[in-house]
Amino acid sequence: MGIWKNIKGWFRSTTDFSVELDREGAASRIRNNIWFRGANVWILAFSIVIASVGLNVNSTAVIIGAMLISPLMGPIIGMGFSMGTFDGQLMKDALRNLLIMFLVSLAASAAYFFISPLSLVDPTELEARTSPTIYDVLIALFGGLAGMLENSRSERGTVLSGVAIATALMPPLCTAGYGLAHANAHFFFGALFLFLINTVFIIMATYVMTKFLRFEPVAFIDVKARKRTRNIMTVVMLLILVPSTISAVQMVRVNQFEQKVQQFVKENRIYGGRYMYDYKVNSGWTPTADIYLTGDPLNENEKDILFRAAWACGVEKERLTLHEQNFGAGKAVDYEAVTRDFFQRYEQELAAKDARIESLEGELSQYERAEFDYLKIAREVQGQFPGVREFTLGRGARVIPARDSLEKNVVVTAFVDAAFKDPQGFLQWLKIRLDAENVTLYLTGEPAVELPQAAPDNGEWFDGSEEAEE
């Protein structure tokens, strides 16, 4: 019990942030940051153009820079805070300013993409903002929690900048502007849905954190006004909560279904004389999938086999549509799609192999650096220590079992004759020449002079004529 109390006490002291809270300052900052006037108008316009350029040229760094300077988070956090404090006037002001920011952002991005001469064949950054996933929900939810907590601290750091990047409110608006400028419903509605998802879950997270941090509700003149305002805020909260919950559940269903489809395609990518080169998952309460194949035509029996394989992966036959592009049927084959799928399929494998090769090259380089230049060392020994007839050297370890010790070193065994008279000098020369702190030198042969015996704890060089004690 004592240990459990100590653990709980440590956890509470570590996670407690009550001393850092500044509720009055936070409420004032949140109310001031909702307004869209003056410098904020120009900052928003500039950030919109920057983000649009980044999306237009597929530059992630430019997009991140635009998100850092965007003032969009202010009114969204204000809406969540107003729900938590039952501040009807703040809700109206925040909603009005958010709508203005939304329209200005949409108009600015649409104008940029309408006049931009740049046209990407594969606009990956734009396409990435048209299909919300459950991960976007989680990012917006936890980003909103972090943003509200940072707003409530007396000493604020860089968390709000990180939240602005993570929740990514600006790129979906710019993508919607792209869709508007090019009359592309897929980009327009897909990006708007992502923006709505991010906005709603940031509001929800802000509301939850406002309640958790126990911000005081606004004061009302009379009971009727308080009741009316709370009823309105409750309705607003339900209008946000219910659709967002349904949307989150739907995204989970789509994500789970897509994982099953991925497994089916992975296990059956090459089927006889056919190749599954692409697939597409269609969102909906009951998501479906389109599978694109090329190669020999499928007969009914082969289709049934494929449908049974899909069933084994959890994909029902009714939710799967096979699209064949047959070489022998006179139909055009989408070679671009096939090539793209080949690249996507092997990209990770090639990257893993490249990483492995780089690692092995690094190990080989280290090994080569560690290798001795034996012939050069032999010539130098011959010139400086003529009494050394032969020697063997290599990297090893000196182990003393009785002391349970291990010391990595260079081991040198030298055969010497009567002309050899300086074992200590030879040892010091080896340390410098081999660039090694620990060198163990073993001497053997029939020297003309008696070689001094090393001390038991020294172990630096040994006379082979007598047994060294350790």
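The values are calculated or read from the model by the stated rules, or taken from the named source; none is laboratory data. Note that this is a predicted model, so its numbers are computed, not measured. Cβ: placed from backbone, ideal geometry, glycine included. Neighbour counts: every protein chain shown.
Across segment 59-82, what is the total count of residues that are out of contact with any Ser or Thr (no Cβ under 6 Å at 6 or more places or on another chain) and farther than 14 Å from Thr199 by Cα?
9
Any idea which of Val53, Val41, Val62, Val49 is more than 22 Å from Phe187 (Cβ to Cβ), within 33 Å of the chain's Cα centre (by Cα), assigned to a helix (DSSP H, G or I) and of a type in the set (A, V, I, L, M)? Before you say what the answer is, go through the steps one by one.
Details: Val53 fails: more than 22 Å from Phe187 (Cβ to Cβ); Val62 fails: more than 22 Å from Phe187 (Cβ to Cβ); Val49 fails: more than 22 Å from Phe187 (Cβ to Cβ).
Unique residue meeting the criteria: Val41.
Out of Val254, Val235, Val261, Val218, which single residue is within 28 Å of the chain's Cα centre (by Cα) and under 30 Å from Gly144 (Cβ atoms)?
Val254
Do you know which residues across segment 268-308 are hydroxyl-bearing (Ser, Thr, Tyr), surrounded by fewer than 19 Cβ atoms within 10 Å (Cβ to Cβ) and over 30 Å from Ser247 (Cα atoms)?
Tyr271, Tyr275 - these are the residues of segment 268-308 that are hydroxyl-bearing (Ser, Thr, Tyr), surrounded by fewer than 19 Cβ atoms within 10 Å (Cβ to Cβ) and over 30 Å from Ser247 (Cα atoms).
In this structure, does Val208 turn out to be in a helix (DSSP H, G or I), among the hydrophobic types (A, V, I, L, M, F, W, C), modelled with pLDDT under 75 and out of contact with any Pro (no Cβ under 7 Å at 6 or more places or on another chain)?
No: the conditions fail for Val208.
Name every residue in segment 65-75 that is crowded, with 18+ Cβ neighbours inside 10 Å and touching a residue at least 40 places away in the same chain (Cβ under 8 Å), in order of residue number.
Across segment 65-75, the qualifying residues are Ala66, Met67, Ser70, Leu72, Met73, Gly74, Pro75.
Does Val261 count as modelled with pLDDT under 85, among the hydrophobic types (A, V, I, L, M, F, W, C) and over 30 Å from Phe114 (Cβ atoms)? Walk me through it before giving the result.
Values: modelled with pLDDT under 85: no; among the hydrophobic types (A, V, I, L, M, F, W, C): yes; over 30 Å from Phe114 (Cβ atoms): yes.
No, not satisfied.
Would it be correct to say that Ile43 is over 24 Å from Phe193 (Cβ atoms), β-branched (Val, Ile, Thr), at pLDDT below 80 and surrounded by fewer than 21 Cβ atoms within 10 Å (Cβ to Cβ)? Before the answer, list the steps.
Numbers: over 24 Å from Phe193 (Cβ atoms): yes; β-branched (Val, Ile, Thr): yes; at pLDDT below 80: no; surrounded by fewer than 21 Cβ atoms within 10 Å (Cβ to Cβ): yes.
The answer is no for Ile43.
So which of Ser70, Ser28, Ser82, Ser13 ends up being closer than 22 Å to Leu149 by Cα and not assigned by TED's automatic domain parsing to the domain that holds Leu192?
After applying the criteria, what remains is Ser13.
Taking Leu192 as the residue in question, decide whether it is hydrophobic (A, V, I, L, M, F, W, C), surrounded by fewer than 19 Cβ atoms within 10 Å (Cβ to Cβ) and within 21 Å of Met73 (Cα to Cα).
no
Is it true that some residue in segment 224-232 is more than 26 Å from Pro132 (Cα to Cα), in a strand (DSSP E or B) and not hydroxyl-bearing (Ser, Thr, Tyr)?
At the first step, the residues of segment 224-232 found to be more than 26 Å from Pro132 (Cα to Cα) are 224-232.
Keeping just the survivors that are in a strand (DSSP E or B) gives none.
No; the residues of segment 224-232 include none that is more than 26 Å from Pro132 (Cα to Cα), in a strand (DSSP E or B) and not hydroxyl-bearing (Ser, Thr, Tyr).
Applying the selection to segment 165-184, what residues are aliphatic (A, V, I, L, M), at pLDDT 85 or above and surrounded by fewer than 21 Cβ atoms within 10 Å (Cβ to Cβ)?
Within segment 165-184, Ala181, Ala183 qualify.
In segment 61-110, how many residues are of a type in the set (Gly, Ala, Ser) and at pLDDT 85 or above?
Residues of segment 61-110 that are of a type in the set (Gly, Ala, Ser), as a first pass: 61, 65-66, 70, 74, 78, 80, 82, 84, 88, 94, 105, 107-110.
If we keep only those that are at pLDDT 85 or above too, we end up with 78, 80, 82, 94, 105, 107-110.
Number satisfying all stated conditions: 9.
So that you can scan it fast, the table gives a plain yes or no per residue for (1) at pLDDT 75 or above; (2) assigned to a helix (DSSP H, G or I); (3) loosely packed, with under 14 Cβ neighbours inside 10 Å:
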site	(1), (2), (3)
Gln382	yes, yes, yes
Val399	no, no, yes
Lys408	no, no, yes
Val411	yes, no, no
Gly425	yes, yes, yes
Asp457	no, no, yes
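Are any of the residues in segment 277-284 farther than 29 Å from Arg253 by Cα, modelled with pLDDT of 70 or more and of a type in the set (Asp, Glu)?
Among the residues of segment 277-284, not one is farther than 29 Å from Arg253 by Cα, modelled with pLDDT of 70 or more and of a type in the set (Asp, Glu), which makes the answer no.
For the subset of segment 86-118 comprising residues that are closer than 21 Å to Ser70 by Cβ and charged (D, E, K, R), which member is surrounded by the most Cβ atoms within 10 Å (Cβ to Cβ)?
My answer is Asp93.
Do you know which residues across segment 247-281 are without any contact (Cβ under 8 Å) to a residue 24 or more places away in the chain and in contact with an Asp or Glu (Cβ under 7 Å, 6 or more places away or on another chain)?
Correct list: Gly273, Tyr279, Lys280.
Against the condition surrounded by 11 or more Cβ atoms within 10 Å (Cβ to Cβ), under 19 Å from Arg379 (Cα atoms) and either modelled with pLDDT under 75 or polar (S, T, N, Q) (or both), how does Thr440 come out, does it pass? Step through it out loud before you land on a result.
Values: surrounded by 11 or more Cβ atoms within 10 Å (Cβ to Cβ): yes; under 19 Å from Arg379 (Cα atoms): no; either modelled with pLDDT under 75 or polar (S, T, N, Q) (or both): yes.
Judged against the criteria, Thr440 is not a match.
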